[in-house]
Amino acid sequence: MTEELAIQLIHGYLDDTLSEEDQLRLRDWLEGSPEHAELFAELTMVHTNVQRLLEVNDLGDSIHTLLKNKNAETGQTIDVGSAIENPPARQDTQDTPPLLDLPEYQRKPAKSRKTRDTSNNAKDDDHHAVLNMLGVRVYQKTVDRTPRQGNARKYLAAALILIAVLLGLFYLNQTPADNEAFVTLAADHGLVWDEDGAQPAVGSRLAPGHYVTKEGIGEILFDRGAKVLLDGPCRFELTNDNELTLHRGKLVARITPGAAKFTVNTPQARVVDLGTEFGVEVSADGSTLAAVFEGKVDLKGHDKNQTATNNVVLSAGWQGVVDHTGSVEPAVTHIPYDHAFTRTLADSYNTLELELSGDVKWNRRAPATVRPERFHTNKFAVVFNERRNVKLAQPLGDVIREPGKYKAHELRDRMKKIKAGSVVDSYLIHFDAARAENTKVKTAHMTIKFPRPILGVIANNKAMFETDKLFKRTGTKYPLTAYGTGVRGIDKGDNADLLTIQPDGQTITLQLSGRHYDHIRVLIDSEPPGAKD
Amino acid sequence: MQDETTNREKAEGMKVESVARRWAGIHPTVLSYVRSMVNRPEDVEDIVQQVAVAILSDNTPRPDERHFNGWVLGIARNRVLKYWRDEKRHRVVMFNTDTIDRVAAYYLDNLPRNSLVIEALEQCMTRLTQRARHLLELRYVRDMKPRDISERLGLSSRGISVTLCRIRESLRACMNERMQNAE
C-alpha cells in the first residue's frame, strides 16, 4: 500500500467512514512497521489537537456567530483572533440553523444522527469478568455464576488438575535426571560464589540444585539455548533444561528459538518468555520486577499457595511488578532510563576508563531509552558508550574536532570530516533537565576526558539523527524523528550551550543550559596508540 | 544515601495532591491519545474517566514523580487494549498491542513539545479559508460525521471526507513547517 493511500485510510478512520475491508487494510498496514504507527500517531495528533483547540477556544460558536453577522457569502477570511478576544454569546447548538448560506450548498432535510446503543448486557458481563485494569489478558478470580454452573466448573477444574498432574508426572519423566547437567557456566566477570555452596569454574557443567553468588556477574548457557546473566548477589535454583527459579537478586535472559517459553520462577511470580530478552529482579521485600527489552513476556502473579492471581503480557520497553502478595500492580510502566540490569557482559568490562568531573555520571550499563522525559534530572548529565570499533565506510561530515570553544551558531562554519576507513568508538552524552512547573532549570558544567584522541564531536540536531543509525546502541531507544527536527545537539539562544575541545584532543568541557534536552555524540579513535602501521 | 531516599520516595509514591496536579497537566495528552485510538466519542469519555479514577484511587500504588507521565499513559494504554478486546465481538479490531504501544510511546515522547505543537497548529488554523473552518466546526464542535455534514450541506459524503482529509493534511504540513522554524 502506498503511503498516500494509507494517509487517506487514516483520515477515514478518524472520521469513522472506513468500510470493514478498509479497516482491515489499515490494520495490516499499521502492523507492518513501527514507522507506520508513528505516522498514524502524527496524523491523529493533528486531528485530536484541532479538536482540542476548537473545544478550548469554543471557536465553533465564535465562527458561527461571526458568519451570521458578517454575511458569509463575501468569502472573507474570518479573523479568528478577534473572535477569541471578543467571544459572542453562546447559542443552543442542538437546534442551530444552517450556518452558511453559500449558494453552492443545496441543503437536504437533515436526518437525526444515529447513536450507538451502548447498553450491552454481554459487554457488561465482560466488564465483570475482566475487571483488572492491567488490560492485557488479566482475569478476575471471582465471577458471578449460578450454583449449577459453579459445580460444573468445580468438576471441570478437578478434572483439569488431575490431567495436569498426570501430564506433569509424564513431563518430569522426560526431563534430565537429577544429576544430569544441562547448563554451562560460560563466562564470569568478578563472580564470587558463596563459600558454603557449589563454586563452579568457568566452563563447568552445572547440575540441578541451588546456587548462591555474593557478587559479580556470571553467564550461564542452557543446552536448549537460553543465555542468562546472573548479577550478584543472587540466589537461584536450576530446575530443568528450560527453567530456573530466582529467589533473590537479578538476571537478564536472552532466548533463542529453541528455548521458547523459557521460564523464570520467583517466590511470587512466573515470568514466561514470549520473545527474546527480558530482565527479572527479586527484591528483599519479595516483590518481582520483570522488564522486557525485546519481544514479550507473560508475567504471572501467584499467592503463597501458588494460586494464580493475575497476569500481564509485557511488550518491549515496559516493565511490571508483582508485589509480595502475588498481585500484579495495576499498571505497567516504561522501563526507566537508569534501570539496573546488566544486559551484556561487555557492559561490565569497560576497560576504557573515562575521567569525569562536574555534573556528569558515567553510565556503564545499556540505557533502555534516551528519549525525552524518560530520564530527566537537574542533577547531572550521563555519558555512556554506544558502539565500539565502527569502521566508517565513507567520510563522516558535520563533526567538529579542532581544539577551541564552540557555540551552536558557530558549528556550521567549523565543520570537519572524519576520513573513510577510520575506526571509531562512540559515546553519547545525554542531559535532560527537569522542566516541570516551578522547577528551576540548572546549567550543568562538566569535563570528560576520553581514553583516546577525539576524532569528531557531533553537536547539531540534524547530524545527531543522521548518525543514530550508525552508532546507536542496540537495545536503547533513541528519539523519534517526528516532524523532521528535534532539539538534540547543543542549544542556541541567549543562554547558549558551550562546548570546548581542550588542547589535549581527548577532553571536552560542556556547559549545558538545560533548556532542552541535549545530546552530544563523541567519536574517539578505537585503536590504541601504536596499533596502527 | 541518595539511593535510600529514592527508594523511600518510590515506596511511598506520590501524594494525592501531587497526583491531581500532575493529572491536570497530562489530561489533554491522555485525551488526545485515547481519541486517536478510539474513534467513538462516548467511549473516549468513558476510558479517560476510568484512567482518572484509577490514578486517583487510594488503592493504586503510585510511582515516583519522574515516572508519572509514563505511568499514566501506561494506564491509558491498558484501558485502550481492554476496550479493543471488548469490542472484538462487535467489530473489526483496529489495533494490536504493538500499534497501541507505539502510539502511546509517540505521545509520551512528544510531551515536551506539546505546547509548541499547539501553538503552531493554532497559528495555522488562522490561515484556513472560511469554508475550511466551517467544515472543521461541523466536524469537531458539532461532532458530525461526514455523512451528517453532507446531508446538512447538500454535498456528497465522499466530497466532505476528501475535503476534511485535505484540510488536516494542510494543517499538518503547515504545523511541521512552523515546528521546524521554531526549533
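The values are calculated or read from the model by the stated rules, or taken from the named source; none is laboratory data. All values derive from a computational prediction rather than experimental measurement. Ideal geometry is used to build each Cβ from the backbone, glycine not excepted, and the neighbour counts take in all protein chains shown.
Things worth noting here:
- Boolean, B:Ala132 is outside the structural domain of B:Val44 (by TED's automatic domain parsing), over 16 Å from B:Met179 (Cα atoms) and small (Gly, Ala, Ser): yes
- Selection count where residues are farther than 17 Å from B:Asn176 by Cβ and either surrounded by fewer than 20 Cβ atoms within 10 Å (Cβ to Cβ) or of a type outside the set (A, V, I, L, M) (or both), scope segment B:95-106: 7
- Flag if B:Arg62 is farther than 23 Å from A:Leu18 by Cβ and part of a loop (DSSP other than H, G, I, E, B): yes
- Leading residue by the ranking (modelled with the lowest pLDDT) among those in segment A:467-490 that are buried (at least 17 other Cβ atoms within 10 Å of the Cβ), more than 11 Å from chain B (Cβ to nearest Cβ) and closer than 22 Å to A:Ala37 by Cα: A:Thr476
- Among residues of segment A:13-40, those that are among the small types (Gly, Ala, Ser), more than 7 Å from chain B (Cβ to nearest Cβ) and in a helix (DSSP H, G or I), counted: 1
- Of all residues in segment B:112-143, those satisfying the criterion of being farther than 18 Å from B:Ser32 by Cα and more than 7 Å from chain A (Cβ to nearest Cβ) are B:Gln123, B:Cys124, B:Arg127, B:Leu128, B:Arg131, B:Ala132, B:Leu135, B:Leu138.
- Extreme residue, farthest from A:Asp504 (Cα to Cα), among residues of segment A:423-466 that are of a type in the set (S, T, N, Q) and at pLDDT below 90: A:Asn438
- The sole residue among B:Asn181, B:Asn110, B:Asn114 that is free of Cβ contacts under 8 Å to residues at least 12 places away in the same chain and within 16 Å of A:Glu42 (Cα to Cα) is B:Asn110.
- Of all the residues in segment A:306-340, those that are within 23 Å of A:Arg364 (Cβ to Cβ), modelled with pLDDT of 75 or more and of a type in the set (A, V, I, L, M, F, W, C) number 1.
- Enumeration of residues in segment B:155-173 that are in contact (Cβ under 8 Å) with a residue 40 or more places away in the chain and in contact with a Lys or Arg (Cβ under 7 Å, 6 or more places away or on another chain): none
- Test for B:Gln123: is it farther than 23 Å from B:Gln49 by Cβ, surrounded by fewer than 18 Cβ atoms within 10 Å (Cβ to Cβ) and not β-branched (Val, Ile, Thr): yes
- Annotation: of all residues in segment B:78-94 being under 19 Å from the mean Cα position of the chain (by Cα) and facing chain A (nearest Cβ under 7 Å), the one that is farthest from B:Val30 (Cα to Cα) is B:Met94.
- Residue count for segment A:272-305 satisfying the condition of being crowded, with 23+ Cβ neighbours inside 10 Å and either modelled with pLDDT under 80 or of a type in the set (Phe, Trp, Tyr) (or both): 2.
- Residue match in segment A:175-182 (condition: under 36 Å from the mean Cα position of the chain (by Cα) and modelled with pLDDT under 90): yes
- Considering segment A:362-401, the residues that are closer than 27 Å to B:Trp71 by Cα and at pLDDT 85 or above include one that is surrounded by the most Cβ atoms within 10 Å (Cβ to Cβ), namely A:Ala381.
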